[in-house]
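First the structure, in the form of structure tokens, and then the observations on it.
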Amino acid sequence: MTALFDKWIGESTPVFLGTNHLSQELPFSSWYRFKEAFSPEIVRQAIVDHPAKVETCIDPFSGSGTTALTAQFLGVPSTSFEVNPFLADLGRAKTECYDIDELRSSFRSVIESTRDQENSFDRNSGAWLPETFVEPGKNGKWLFNADVAHQVFQFRDAISRIKDPTVKRLFEVILGSSLIENSNVVINGKGRRYRRNWQQRPKTKYDLLDTLQVRAERCFLDIESFNSKSATPARIELQDVRDEGLCFPEFDVSIFSPPYPNSFDYTDVYNVELWMLGYLNNRNQNVDLRKQTLTSHVQVSKTFSRLVDQPRLLTETVAQLRLQEDLLWDKRIPRMIETYFFEMSNLLEKLAKSKKRNGRVWVVVGNSQYAGVQIETGRILAEIAKGLGYTVVKNEISRKLRTSPQQGGSPRLGEAVLVLA
Ligand SMILES: C[S@@+](CC[C@H](N)C(=O)[O-])C[C@H]1O[C@@H](n2cnc3c(N)ncnc32)[C@H](O)[C@@H]1O
């Protein structure tokens, strides 16, 4: 069962299960830098150590698609869900089956056709983008120099003419993963900042073309080496898993890492790809997407909810937060925390309905901290799960996360691996 997985992983079994810091360079995992991914090793453990044969696996928060990809390497069919359309396409691109000769020849045609259009710069292209995206930008700052942006639009135009949807998707992912490197910003911590001396070291369309070719070659080699894995189905649905009508398929193992209640806004952090690739065409769509993500931040106004029967630890935590209200950087934080657990409780309830009799739910989740008050996410979720009829098989701290600089930056926050039966 694990031969193909072992070939994929090689020597890089990570020390911490919850982080992918050693697996970022693995085939497929390296296609796009997604810092919040967990390690393939934890998915392997959830599947291989399961008390019965695992026939199906699900992940409600696909992110970069680690569960789908790892399950595929282990020959286990999976279904994953992801609300961010670029990330959903990233996971799909990693798990689809390709005709490698067709891929290489389509990629050559795309590159050649963008060369043919060298001199047809349309000043109106990119009109849907926020002002800060393309030179001349706003207040003397912009994310993409004009010729880089122009090259992106030409590449997109050439991709749009490809008939095969899987090839099209893979090329969009390659383009998406080449964007930040050829922009004037870096993604760091909770957002993006301009590179030092970005005006003195301008990125050009030739840099972008180089990146595209290097990345494409890396993808093609990975696919060539492991195309056989795609015989195992891996479905990735574009879906807000909080939707009331959603019913998960029956599963043996569900393994996932939800957003942590730490104010990290995924829509914001992966915003450049969403806009530049045309997943977002106006600000309302941006706000809608933020509203569709789990309530783990206060960057957008949302309706707050709370559990009628909260575990005592959650009630006490929220009471402590309210006592520190003057020190919180946003007064809505206590309500955001309550809503986070309300939504996670609904999710666990939905999963319980689709879990097979011996099925298990693995959750990797981090604690967070506001005004010195720790949110012990794993412990609170374990209490909620018990109330829903789960048995807590394991609730272990797998590593300590550094708190944000505003909170002192000390390495005190735990990341828990919770196993529920
Ligand atoms: C911590 S990441 C998952 C990382 C993943 N385990 C991996 O290895 O790449 C959480 C993901 O949940 C997604 N997400 C947030 N709210 C969601 C929702 N309501 N429905 C589905 N996905 C959601 C985010 O876009 C993000 O990609």
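The values are calculated or read from the model by the stated rules, or taken from the named source; none is laboratory data. What you see is a predicted model; the values in this text were computed from it and never measured. Cβ sites come from the backbone with ideal geometry, for glycine too, and all protein chains shown count toward neighbours. Calculation scope for accessible area: heavy atoms of the full protein, side chains included, ligands and nucleic acids excluded. Shrake-Rupley method; radii C 1.70, N 1.55, O 1.52, S 1.80 Å.
Count of region 268-303 residues, restricted to those that are basic (Lys, Arg) and either at positive phi or in contact with a Lys or Arg (Cβ under 8 Å, 6 or more places away or on another chain) (or both), is 2. Looking only at residues in region 40-49 that are closer than 16 Å to Gln72 by Cβ and of a type outside the set (Lys, Arg), the one that is surrounded by the fewest Cβ atoms within 10 Å (Cβ to Cβ) is Val48. The residue that is nearest to the ligand (Cβ to nearest atom), among those in region 306-324 that are out of contact with any Asp or Glu (no Cβ under 8 Å at 6 or more places or on another chain) and without any contact (Cβ under 8 Å) to a residue 40 or more places away in the chain, is Val308.
May I ask you to verify whether Asn282 is closer than 30 Å to Val148 by Cβ, in the same structural domain as Ile397 (by TED's automatic domain parsing) and loosely packed, with under 14 Cβ neighbours inside 10 Å? It is true that Asn282 is closer than 30 Å to Val148 by Cβ, in the same structural domain as Ile397 (by TED's automatic domain parsing) and loosely packed, with under 14 Cβ neighbours inside 10 Å.
If you filter region 62-106 down to residues that are aliphatic (A, V, I, L, M) and more than 10 Å from the ligand (Cβ to nearest atom), you find that the one that is surrounded by the fewest Cβ atoms within 10 Å (Cβ to Cβ) is Ile100.
Any idea which residue in region 50-61 is nearest to the ligand (Cβ to nearest atom), counting only those that are of a type in the set (A, V, I, L, M, F, W, C) and buried (at least 17 other Cβ atoms within 10 Å of the Cβ)? Ranking the candidates gives Phe61 first.
Would it be correct to say that Ile187 is touching a strand residue (DSSP E or B) at 6+ places or on another chain (Cβ under 9 Å), touching a residue at least 40 places away in the same chain (Cβ under 8 Å) and not hydroxyl-bearing (Ser, Thr, Tyr)? Answer is yes for this residue.
The set of residues from region 370-421 being open to solvent by 70 Å² or more (accessible area, probe 1.4 Å) and either modelled with pLDDT under 95 or not assigned by TED's automatic domain parsing to the domain that holds Pro261 (or both) comprises Glu396, Ile397, Lys400, Arg402, Pro405, Gln406, Pro411, Arg412. When Arg218 is tested against (1) of a type in the set (D, E, K, R); (2) assigned to a strand (DSSP E or B); (3) away from the ligand (no atom under 16 Å from the Cβ), just one condition goes unmet, and that condition is (2).
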